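Reviewing the structure listed below.
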Amino acid sequence: MNFRNNPIMKFSPEEPREKPRATEEKFFPQKERVKTAFDSTVALKDEKTLLEKMRGRAREVAKVLILTSALIIGEGIISTTHAQEKPPTPITQVDKSKETNELGQLLNTPEYRHLRGLNYLFTSPFVRIEQETLEDGSSGIRIVKRGIKDGEYDQIVGHLSIRNGELTANFGAPITEAVPIPLEEADKKKPIIQYLLSKHAIEAAPIAIDDSEIATARQFFAIQPMLPQQRETIPLKDTKPDHNVGMIRYAVDSGEKKIATVGLANCVGVTIYNPETHTGGVAHFDPNQEARGMLNNMLDELGQVDSTKVEVRLIGGWSGYSERTVHYLRQELKSRGFKVTSEDILGENISRSIMLDTATGHVTYLER
Amino acid sequence: MNIFLELDNLIFTSLLPIEDKHSFSQFCRKLDPKPMHVLVNLFKEKPEWIVKFYQNIQAKRAVLNKKDKKAWDEIIEKENFDLLEIEINDLEIEINDIE
């Protein structure tokens, strides 16, 4: 190695470095220079140094990490450059230019509207077609085959894009292959399905599951939202729960304890309360994970209880997504002799946060 | 299956909240598809990396916005630790295979 040309070896420890010139100090005070010393170049250089240290697969992952940093830096530049500009109009809302377009009309009339521009254009017991507005104002469509068994994943089977009001395959490429999806005769009469069939974006496939599964899927698809007239809410920032239950977690406690779970969105929460012992539990179920196992663990942790005296609440979930979890939770509770005392389930454009007070059994909603 | 479909399926069955799943999926679709198979294999093998990777993106977004060098160094240190863990893990597998 040629140390002479190595910038690190340029000065020996004894040799003092050149002091900054007076003019430099005047115009770039030390504090300011430290602040501006970190920019995108430094960030990428650090990532590159890290990459050079790695071998094998770690090196490949490090390459992806550099790409993500570069992309984030790009996002920052774009957002700074366009800070004064008007944000793009989501195609799903009031984009007048697209209202006359058949696809635009279909996008403006989804079955369900959820958070942050996520809409469900079509739902059946077997399929869900999701549409989301992307940061650049264009739209992405996901074709999802819904899981039926408890804990069976919803599977994304196709992607489509909408560019300039026209339906395309992923990233604006022409559609070359239809995605086979299980459709019933009635589904084929729905305008969005007719449209996608006419564009050869999808094709009807038989429902290739056994009759008992079909019956189960129909059963959970029939579950309707149960929404209370009013929810008692308090600001989230004013709460100090003893337990904050995360996704696919639960907590059981007794006495004067507060158990909360935040941001249920499409997840379903269960609260259980035994007024005789002031013992309660809160669980947070993800629709793509098995529900019954965790529910049974929580019930077991409550100990010996008179199931007819226990208060059970089901809270959370999205219409078009979470019906299956509600179905299996109801079924399991019933099989163990518990009666659901109240429900606030499904609905659109909602993410519930709740807190159970084990002193009273009271459930309060937390507002962000 | 195309690589982004595969990646999306992994992201959407992860333990990220639904809004983060959408945000992560949108982010990944902007990346070059070529090295994505590395990510897909990693996520398949170690699903906890999906959450880890998304948290890394969110942390970088926050830090690069604030230009906070100290916080950035902490991110790099954590990346270094996580990558070394992969490297050591892969080496162990290699050694086991030889034995």
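Worth a mention:
- Only the Cβ atoms of Lys and Arg (+1) and of Asp and Glu (-1) were treated as charged; on that basis the dipole of the stretch B:1-86 about its Cα centre amounts to roughly 360 debye.
- Charge dipole (Cα centre; +1 on Lys/Arg Cβ, -1 on Asp/Glu Cβ; no other charges) of the stretch A:233-305 amounts to roughly 240 debye.
- Charge dipole of the protein assembly as shown (Cα centre as origin; +1 on each Lys and Arg Cβ, -1 on each Asp and Glu Cβ, all else neutral): 1420 debye, rounded to the nearest 20.
- Taking amide H as placed 1.01 Å from N in the peptide plane, A:A178 has no amide H partner under 5 Å among residues 5 or more places away or on another chain.
- In the protein assembly as shown, a dipole from Cβ-located charges (positive for Lys and Arg, negative for Asp and Glu) runs towards its positive end, and of B:V63, A:V61, A:M247 it is B:V63 whose Cα lies farthest in that direction.
- Take each residue in B:16-25, count the other chain C-beta atoms within 10 Å of its C-beta, and the mean is 6.
- Global size of chain B as Cα Rg and Dmax, reported in angstrom: 15.1, 49
- Fraction of C-alpha pairs exceeding 24 angstrom in the stretch A:233-367: 20 percent, rounded to a whole number.
- When the stretch A:233-367 is described by a simple charge dipole with +1 on each Lys and Arg Cβ and -1 on each Asp and Glu Cβ, the residue from A:T233, A:F338, A:G280 located farthest towards its positive end is A:F338.
- Per the Debye calculation on the protein assembly as shown with a single equal scatterer at every Cα and no solvent contribution, log₁₀ I(q)/I(0) for q = 0.10, 0.11, 0.13 Å⁻¹ amounts to -0.90, -1.05, -1.30.
- Coupling constants for the stretch B:59-76 follow from the phi torsions by the Karplus curve (6.51 cos²θ - 1.76 cosθ + 1.60, θ = phi - 60°), and in residue order they are 5, 5, 4, 5, 6, 5, 5, 8, 6, 9, 5, 5, 5, 5, 4, 5, 5, 4 Hz; glycine and proline get x.
- Shape parameters for the stretch A:96-221, alpha-carbon atoms, Rg then Dmax in Å: 14.7, 47
- Amide H contacts of A:V157 (H built 1.01 Å from N, in plane; Pro and chain starts excluded): A:I143, A:V144, A:K145 sit under 5 Å, all sequence-distant by 5 or more or on other chains.
- Peptide-level mean, for B:29-37, of C-beta atoms on other protein chains within 10 Å: 4
- Dividing the summed helix terms, -39500 (n - 2.57) for each DSSP H run of n ≥ 4, by the number of residues in chain B produces a 222 nm estimate of -27000 deg cm²/dmol to the nearest 500.
- For the pair A:A204 and A:E276, a Förster radius of 56 Å applied to the C-beta separation gives a FRET efficiency near 0.50, rounded to the nearest 0.05.
FYI, it's all coordinate maths here, none of it is from the lab. Note that this is a predicted model, so its numbers are computed, not measured. FYI the Cβ positions are ideal-geometry reconstructions off the backbone, even for glycines, and counts take in every protein chain you see.
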